[in-house]
Each structure stands twice: as C-alpha cells, then as structure tokens.
1. When you go through (1) at pLDDT 95 or above; (2) assigned to a helix (DSSP H, G or I) one by one for THR65, which number turns out not to apply?
2. Can you say whether GLY58 is within 18 Å of ARG12 (Cβ to Cβ) and not basic (Lys, Arg), as far as the supplied structure shows?
3. Tally the residues that are in a strand (DSSP E or B), of a type outside the set (A, V, I, L, M, F, W, C) and either at pLDDT 95 or above or in contact with a Gly (Cβ under 8 Å, 6 or more places away or on another chain) (or both), restricting the search to region 87-130.
4. For residues that are closer than 14 Å to ALA69 by Cβ and in a loop (DSSP other than H, G, I, E, B), scanning just region 10-25, find the one that is modelled with the highest pLDDT.
5. Answer yes or no as to whether LYS45 is modelled with pLDDT under 95, surrounded by 14 or more Cβ atoms within 10 Å (Cβ to Cβ) and basic (Lys, Arg).
6. Do you know which residues across region 90-114 are surrounded by fewer than 20 Cβ atoms within 10 Å (Cβ to Cβ) and under 20 Å from CYS163 (Cα atoms)?
7. Spot the failing condition for VAL124; the list is (1) in contact (Cβ under 8 Å) with a residue 60 or more places away in the chain; (2) more than 19 Å from ILE71 (Cα to Cα), and only one is missed.
8. Within region 68-86, can you find the residues that are surrounded by fewer than 21 Cβ atoms within 10 Å (Cβ to Cβ), assigned to a strand (DSSP E or B) and not basic (Lys, Arg)?
Amino acid sequence: MDIELLPMTRERMHELYRGFEFDPDIFDDMELYGRNRNYVYDPAKVDALYDMRADEKGSIAFAVTLNGAVIGEVGLRHADEETKECELSIHLRNDSVKNLGYGTAAEHLAVRYAFDVMGMEHIVADSLIKNTRSQHVLEKVGFEYIGEEEGFRLYILDKDKYCRDSL
C-alpha cells in the first residue's frame, strides 16, 4: 500500500471531489442534503471550498493519495501554539477506498506530521456517534475516547503515549 499525504492543491481538491460520494455515516442529518441524493460535482463549489480552507489560520490540508491518485483528504485544523493542540479530520472519497486500511495509514502519517513537524503535544478528533467505522480507525491509531457531546464521540491522542506505543 503506497499511501502518501501531499499538500492539498486546487487541482487535487478537484480530483477528490470528482469521485466523491455522500456517506450517510459522516453526515449528522442527510435530510440537509436531500434524502438519498447523490453528490453532484460542481467545480465552482469546489473552488469556493478550496479558497475557504486555504484561508483557515492554523490549519493545513493534505490530499491522501494512493499510488499518486487522490482518494481522500486529511486536515490538521485549529492548531494552537500555546496549548500545542490541533484537531484531526479525515474523509475518503467513496466506499471503493474504505475498509482497506488507507484511512488508518493516512491518520498515522498526519499524526506524525502534527507531532514531529508542527510541534503539537495533543491531537483531538471527533466522530458522529453513528460512525463506528471512524471510531474504530481513531482507536487503532491510538486515540482515546474521552466522552460524548452533542451527538459526537470525542477523542484525544497525546504525543508521549503515541510515541511510547509506536516503539
């Protein structure tokens, strides 16, 4: 498996969303998107999303690639230099690349980047309560469940524990 994280570019974001499919497990209320509605690629909306993400302070987005093809996105957001904490987010483009270990590999790479390059000491993440697949991946990577809030399961990963466990 040749999973790599590359800086998200406008072109990579378009590649991601050209093959994107809605996953009801990652949306709190599919009614907001139209019941059973298929995702429709809209270049203008993808450009707007890219511009919005590019302007986020304290955030970095990576394209998750498999043998050079974009299959997902990982974000390290809301990095706080004072608390040395950031938030991890991930999504893969569709079911054809899920349940194959790609998300786990991508999360490990993102965690190493946050700790080794960004100097973070803690990474937080959340998952909708119904998204057991995401929870399983977070736990495989080493995140610890810390509670629930407003329909989400909350997780944290401390650098010291992660580095100790990955030896």
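1. Every condition holds for THR65 apart from (2).
2. No: the conditions fail for GLY58.
3. Total satisfying the criteria: 5.
4. Among those residues, the one meeting the criterion is PHE20.
5. no
6. Listed by number, the residues that qualify are THR104, ALA105, HIS108, LEU109, ARG112, TYR113.
7. Failing condition for VAL124: (1).
8. Across region 68-86, the qualifying residues are ALA69, GLY75, HIS78, ALA79, ASP80, GLU85.
The values are calculated or read from the model by the stated rules, or taken from the named source; none is laboratory data. This one's a predicted model, so the numbers in the text were calculated from it and none came from an experiment. Positions of Cβ are backbone-derived with ideal geometry, glycine not excepted, and every protein chain shown enters the neighbour counts.
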